[in-house]
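Okay, so here's the structure we're looking at.
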Amino acid sequence: IDSVKSKALLLFARCQFDTKKYAQAAEAFTNATKLKVDVDADDKERFGYSLMLSGDTTRAIEQIRAAIELNPTK
């Protein structure tokens, strides 16, 4: 059940991002990372933009940098 919960939380974060609810998306991505969900470069980028658009630029830079490290072609 924990693996399903973590994947559902990641999908929820993506949905929040797609519907432009950036603060809620940032919170969901934060909770997903606390559960050790394996996120890809696109999710790290979404997480970074969610943080930036909700006002947390310091953490946003960390996530966007991590996205670039996972996929240097971005």
_Cα-based reach from Lys34 at 18 Å (exclusive), listing lysines while leaving out same-chain residues under 8 positions away_ = Lys5, Lys7, Lys44
*For every other residue with a beta carbon closer than 11 angstrom to the beta carbon of Ala26, add +1 if it is Lys or Arg and -1 if Asp or Glu, then tell me the sum.*
+1
*Give me the Kirkwood hydrodynamic radius of the stretch 6-62, using the inverse of the mean 1/r over all pairs of distinct Cα atoms, in Å to one decimal.*
10.6
*State the percentage of accessible surface on the chain attributable to carbon and sulfur atoms; use a 1.4 Å probe and exclude ligands, DNA and RNA.*
54
*Accessible area per residue, 1.4 Å probe, Å², for the stretch 2-74: what's the number?*
65
_FRET efficiency estimate (nearest 0.05) - Cβ-Cβ, Val4 to Glu69, R0 25 angstrom_ = 0.30
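The values are calculated or read from the model by the stated rules, or taken from the named source; none is laboratory data. A quick note: this is a predicted structure, and the numbers were derived from the prediction, not measured. Glycine also receives a Cβ, built like all others from the backbone with ideal geometry; neighbour counts cover every protein chain displayed. Each accessible area value is taken on the protein alone, full model and side chains, heavy atoms only, with ligands, DNA and RNA left out. Shrake-Rupley method; radii C 1.70, N 1.55, O 1.52, S 1.80 Å.
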